[in-house]
Amino acid sequence: MGIELDTRGGPTGGPYYEDFEGFNMPEPPGHGSRRIPRGDFPTGPEVGTRLPDIVATDQAGRLVDVHADRAGQPAVVVFYRSAVW
Amino acid sequence: MDAYRAAGVRLYALSYDEPDALADYAEAHDTTFTLLSDPDSEVITSFGILNTLIPPDDHPWYGLPFPGSYVIDADGIVVAKFFEHNFAIRSGPEQLLAAALGQEFEVPAPGGSEPADRVSVDVRIDGDRLPMGVTRQIVATFRVPQGQHLYGEPVPDGLVAAAIELDDNDGILSYEPVTPPTGSLTLSGSGDTLAVYEGDVVLRLPVAQNARNMQKDDDGRFVTISGQVRWQACDDVECFLPESMPFSFRVEAGFPVLGDMGPGVGRVPAMNGAQHFQRLIDRRAGTEPRDEDQ
């Protein structure tokens, strides 16, 4: 898939980064530049399809199968960068 | 989290961190939802959302996903997903919960004082803070009397679609409005087909703060989000005059807790962030852990 890096934004002086739409916010020191895609980028399973299985270790060291663990309840599944940085 | 529990909606958050880093985070922040560890980015890759703009030799960052959220129903079917081009923005918890529960959830009980032959409107902001990088929603609920309807986009000239509009303000960004599906109404005269809302309608406008352009109150801790709701009601015979209702919300303009690298002095709880980060780099670089740092 031809995903393109969005290079239209850039640092605006100081700790700020501004994207091409003029949104700006601080870029914390040490974060490196954000690798933001330009145009379409993959967002995974489509609306209307079953969420693929997720089996992963949780914060207590327990192996969790999301579909089994939610026990028939609706759920929100968030993919984010890191709890560390 | 209480709102999620009360609503019977589970929350899972997955990242490429090691389980022990998640354990430290959970302890530092009293986390009660499930943090999932995907250190080799296997789940992220299986979802097809690995950020391939990051080269594999960029050790600390390789393995990250394009960040976003999925909302699934009781059968495990994806009912909504939220991905933004700008990774600095993410959808707020209220927005995700509303998507999990459906539009009907937010319609409040009828107000007592409003006569039942006119549209009445309730406008709120979902949440009491607008921290940087997290969206909140302006929620407008229209109670539409029997036999009347409102218009959705697109509308022909001369009619006003129901909408939430923000005042001109560089400091607040708005996103694609979340609207229920419209029905269609064909006019007998012209044969034009219009998009209409019948019955109660809930419109949502996600907003976020635009950091440096933000105009905060004198003490720097609050921000005001103002604008108006517009609508025009019609029945089968005639249209009433367009109406509008201004709104203004003053909310706390907080900063989210960013990565915690420090020893946990002051407001930010300790989670040994720097130590976990060093291990993350060592592991990806394929070097031995540096014992002298332990």
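The values are calculated or read from the model by the stated rules, or taken from the named source; none is laboratory data. Treat the numbers as computed from the prediction; the structure is a model and nothing was measured. In this analysis, Cβ positions are derived from the backbone assuming ideal geometry, glycine residues included, and neighbour counts consider all displayed protein chains. Heavy atoms of the whole protein, side chains included, go into the accessibility calculation; ligands, DNA and RNA do not. Shrake-Rupley method; radii C 1.70, N 1.55, O 1.52, S 1.80 Å.
Quick check on the stretch B:65-83. Is at least one of its residues charged (D, E, K, R) and open to solvent by less than 10 Å² (accessible area, probe 1.4 Å)? No, every residue in the stretch B:65-83 fails to be charged (D, E, K, R) and open to solvent by less than 10 Å² (accessible area, probe 1.4 Å).
Looking only at residues in the stretch B:42-51 that are in a loop (DSSP other than H, G, I, E, B) and crowded, with 17+ Cβ neighbours inside 10 Å, the one that is modelled with the highest pLDDT is B:F47.
Kindly indicate whether any position in the stretch B:217-234 is of a type outside the set (A, V, I, L, M), touching a Cys at 6+ places or on another chain (Cβ under 8 Å), at pLDDT 85 or above and crowded, with 18+ Cβ neighbours inside 10 Å. The answer is yes; a qualifying residue exists.
Sub-6 Å Cβ pairs linking a first residue in the stretch B:24-42 that is more than 7 Å from chain A (Cβ to nearest Cβ) to a second residue that is buried (at least 23 other Cβ atoms within 10 Å of the Cβ) and modelled with pLDDT under 85, at least 6 apart or interchain, are B:D24/B:M271; B:A28/B:M271; B:S41/B:G63, ordered by first then second residue. Give me the residue from the stretch A:69-85 that is open to solvent by less than 40 Å² (accessible area, probe 1.4 Å) and under 17 Å from the mean Cα position of the chain (by Cα) and, out of that set, modelled with the lowest pLDDT. Looking at residues that are open to solvent by less than 40 Å² (accessible area, probe 1.4 Å) and under 17 Å from the mean Cα position of the chain (by Cα), I get A:W85. When the residues of the stretch B:1-13 are filtered to those that are under 18 Å from the mean Cα position of the chain (by Cα) and outside any helix (DSSP H, G or I), the one that is modelled with the lowest pLDDT is B:M1. Could you count how many residues in the stretch A:47-68 are at the interface with chain B (Cβ under 7 Å from one of its Cβ atoms), open to solvent by 30 Å² or more (accessible area, probe 1.4 Å) and farther than 12 Å from B:L35 by Cβ? So the count comes out to 5.
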